Structures are given as C-alpha cells and as structure tokens.
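Have a look at the structure below, then the notes.
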Amino acid sequence: MERTLVLNVKDLVGQSVEIFGWVATRRDHGKIIFIDLRDRSGIVQVVFTPSSKDYAIASELRSEWVLRIKGKVKIRPEKMVNADIDTGKVEVEPEEIEVLNKSETPPFPLDTSGEEIDEEIRLKYRYLDLRRERLQKNIKMRSEFVDQIRQFLFKKGFLEIETPVLSAPTPEGSRDFVVPSRFNPGRFFALPQSPQQYKQLLMVAGFEKYFQIAKCFRDEDLRADRGFEHTQVDLEMSFVEQKDIMALDEEMITVVVEGMGYKIKQKPFPVFTYQEVMEKFGADKFDLRTEEDRLNGILTYAWVRDFPFFEKDDEGRWTFTHNPFSHAKPEHVDWLLKGERVGDILTTQYDLVCNGLEVGGGSIRANKPEMLHAVFKIMGYSEKAIDKQFGHMLAAFKYGAPPHGGIAHGIERNLMVLLGEVYLREVQAFPQTSSGRTSVMSAPSELESKQLKELHLKIEK
Ligand code: ASP
C-alpha cells in the first residue's frame, strides 16, 4: 500500500489508507482514545475505541512517538467536526498500528507558536522546535521564495554560479570571520561578507548574467534582524544602467511575492532620493503602511537612491556608506577621480525598502581601475595597501571589464517582511542564539592542542 499524506486523507472517505507521522496529541476520553497524527502536510484524528484491535497499544502512546497506521477514513459525526483543521470533517478508524519509534517527553510544548519559550532552550532542541506549525510554515515559505526567484532568473537567462567560501576579505562594512590555513602558517582565509568581488570578476569573465543563493558571513553585533550568517539572492548583470537593474529587480520581486499570494501597495515602486527620505522620515528605512495595510498584510516597497558615496568614520576619515566597488553618479566621477568635494559625491547605489526594513541593495560598479583606485585613495589607503587588498580587481579591470551592476536581497529580511516575523531566527532552520552560539551543536568550541599545533595557533589566555 502506498503512503497517503495526512492532508489528503480528507478526500478519501470510505477508503483504506496508510499514514505515517508523529503523535501530535493524545486525548484519553475514558474509553475512547483520540490521536492527532502529524506529518509534513498537517494533522488528522485517529480514533481508538475499546473494540479497536490495537487499543492496548493506543493507551501506551505518548506525544511525538512515530507511528505507521493503516485504517479506514470515516466522516466525523456532525457534532465532532473541527473547522480549525483541514481534515476536520474526517477521522481515521485504525486497523493496524506500528510504533516505529518512541520519544521522550519533549522539553517544551510543540503545539504553540513557541515565542513564549526561552530562546536558548528552543535552539538547543531546534530539531524539535522546528516541528511546530509556525516554523514548518516559515521554512516551507523560504523554500518557495527561493524556488520562485530561481525560476524567474533562469527564465531571464541568468546562470547560477557558485563562488568560494574560503576567500580573501571583501569589505561590506563588517568584521571578517577568518579561517586559519594549515598549509600556510600564520595565514588566514576570510569568509565572504558577500560574493561582491567574485560576481564582478564573473562579469569580467563574460557571463553577463549571474546569480547565486549565497551564504554571507559578517562578524557584527547581533540584533533581531542580523545574524553572523545570512543568505542572499545575489545577482549581477553586464551592459546595464541603474534603471535596468532596478526594473529587472522590481519585476522579480513583484512576480515572486504576487506569485506567493501577497499584495503590493504601489506599483511601480515609488522612488525617493536619500535626501528626500531623510527629510521626510529621518531615516533611510521607513514604513509606508497605514494601519489598515498592516492588518491586511500589504507590502509597501520603495526605492531609495542618490546616497552619498562617503561619510566620515569615528576617527574623522572618509569611509564608504554602502559599497566601495560602486560607480559614482556619472556627473560626479570627476570629483571622485580628483578627490574633490568628497562629501558631495553621490553613488549609483539603490536600496529597496519594504515595511520598514531594508530588503535589498546594489549599485552600478566602477569598471575602470582608476575609479576603484580613487575610492580607496579617498579612504586613505596607501598604494601598498590598495595593491595588496585590491590589486587583483584593479588588474582584472585592465582587461576589458564591461559596464556592470547588480543587487542582493537578504533572504531572511525578505521572509521576515512576508511572514511578519520580528526575529531573523524565525526564518532560518538553524540560527545562532543571541549570544552568538550555534543551534543544537555548541560552537564556537575549543580546539584540541594537536589541532591548534597543526594550524600553527597558540591561544593566549
Ligand atoms: N554586495 C552588496 C551587499 O552585500 C550587494 C550588492 O551591491 O550587490 O550588500
């Protein structure tokens, strides 16, 4: 007999089915025992009466035991219909039951939304926490979002290309995670803060349309919407201007989120300059929703562009506001090359904001070595430092680098907006705790002295 998913049981009244899953709840009503059996599709009620062949087994069952049940699908008596679940009009009368595995009592309830439970405990037992309905839904939605993005980009002729994780530093404004090299004593890889440099090199390489569902690592202070690692939909195109990337991206987001059943408040997305939003909202992330939009789950996308290229850091030095690899606005390239009016230079950066969060950002890139060189010069890098850190990009740009640009969307931020979640951890399967440790496995952890030696590392305490 073929397995039937629990949700499909509702369409098979009168038939025999074989279902597999976990005991979500067990209710003992004196003589009758009700089991809600849960699989990835939902739950269905199984009813044991004293005349059931396996009544004795049923009375032993506990939450989260794993079962195989063969039985007949019956219509529930009118009074017993449960309108809250998809299979609420039917129930299964068991003919055969097999306990595939037992379970200890879970450390917390799985039939709630989970927000009431301490985060450390939830993440220690994340494999159980993930069994709750809300997280099953969130993780499925994430998969659907990525699937729709892929379908859209493949249709537009993009190639999905992976780039290295063990790499050299790419500045995105955070600290790097580093990995010691056993082969090269005293040397370290950096984990990418984004695939920025590689995707630009792929444009130099002539691929023209690249995308990747890319892991990014940033060692920064953790916040509700920020973790050490996140995933980006990262894309780059050649022979394009700012308006082309914004149009492609807007079409992608629209097709994907509308395809998932969401409503967008304003199309085309409104476009603001940085100056406008700072005057209007006092911030470059803002929420255009009305109270009614909030209640109806409406998405309010907006573009922001014309950002200053540079700002002063805490030590009074110029640093980039968004991305050092960006092209200045064409009318400001001259200032950039001469290092003049630095505070007035605007970048081709564009950010996409939705419901108060920044959900994407990108730019047209400098594709001539002198432009990129000028950026690092303004930031006070010595010739030696520029050559050491970015010599490979300057070299690549000498070999016919096409005009190019791109954008990246943080998958978690986008999902948070779609699902109305406030915490990044609710849309990642195995997130870090707010104290920066991994779920389930307790990393970071200490190394054995043998391993430290191999890596040429000494720990100072
Ligand atoms: N690399 C940028 C980021 O990670 C995105 C981009 O400019 O494409 O924010």
Any residue on another chain or 5+ positions along whose placed amide H is under 5 Å from the amide H of F272 is listed here as W303, V304, R305
In debye to the nearest 20, the charge dipole size for the chain, taken about the Cα centre with +1 at each Lys and Arg Cβ and -1 at each Asp and Glu Cβ, equals 900
Shape descriptors of segment 286-398 over alpha-carbon atoms, Rg and Dmax in angstrom, are 17.3, 57
The alpha-carbon center of segment 344-373 and that of segment 404-461 are separated, in whole Å, by 26
Counting only protein heavy atoms with a 1.4 Å probe and every protein chain in place, the carbon and sulfur fraction of the accessible surface of segment 302-367 in whole percent equals 42
Carbon and sulfur atoms account, in whole percent of the 1.4 Å probe accessible area of segment 380-461, for 54
As straight-line cross-link partners of K458, the qualifying lysines (C-alpha separation under 27 Å, not fewer than 8 residues apart within one chain) are K388, K450
Rounded to the nearest 10 degrees, the helix 369-378 long axis (Cα) sits at an angle to the longest Cα principal axis of the chain of 90
For the chain, the longest principal axis of the Cα atoms and the Cα long axis of helix 242-259 enclose an angle in degrees, to the nearest 10, of 0
Burial-style ranking of 86-97, 327-338, 180-191, average other-beta-carbon count within 10 Å with highest first, yields 86-97, 327-338, 180-191
Expressed per residue, the solvent accessible area of segment 210-316 in Å² (1.4 Å probe) is about 49
Quick tally, 1.4 Å probe accessible area for I69, I264, I32, sorted with the most first, runs I32, I264, I69
Output ordering of 447-458, 144-155 (per-residue mean of other Cβ within 10 Å, highest first) is 144-155, 447-458
The distance between the Cα centres of segment 293-343 and segment 97-165, in whole Å, is 35
So, relative contact order of segment 72-129 in percent, Cα under 8 Å, 6 or more apart, is 25
Listed by chain and number, the lysines with an alpha carbon less than 20 angstrom from that of K215, same-chain partners under 8 positions apart left out, are K140, K199
Here the net charge surrounding F307, from other residues whose Cβ is less than 11 Å away from its Cβ (Lys, Arg +1; Asp, Glu -1), is -2
CD proxy, 222 nm, the chain: helix-only mean residue ellipticity via -39,500 (n - 2.57) per DSSP H run with n ≥ 4, per residue, nearest 500, stands at -8000 deg cm²/dmol
Cβ-Cβ cut-off under 13 Å around M141, Lys and Arg +1, Asp and Glu -1: the net charge is -2
Taking N as the number of residues in segment 68-118, the ratio of its alpha carbon radius of gyration to 2.2 N^0.38 Å works out to 1.58
Whole-Å distance linking the alpha carbon centroid of segment 1-25 with that of segment 48-86 is 11
Counting Lys and Arg as +1 and Asp and Glu as -1 over every other residue whose Cβ sits under 14 Å from the Cβ of H373, the net charge comes to +4
Kirkwood calc, the chain, C-alpha pairs only, radius in angstrom 25.7
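The values are calculated or read from the model by the stated rules, or taken from the named source; none is laboratory data. From a predicted model like this one, the values you see are computed outputs, not experimental measurements. Cβ coordinates were reconstructed from backbone atoms using ideal geometry, including for glycine residues, and neighbour counts include every protein chain displayed. Keep in mind that these areas ignore ligands, DNA and RNA; they rest on the heavy atoms of the full protein, side chains included. Shrake-Rupley method; radii C 1.70, N 1.55, O 1.52, S 1.80 Å.
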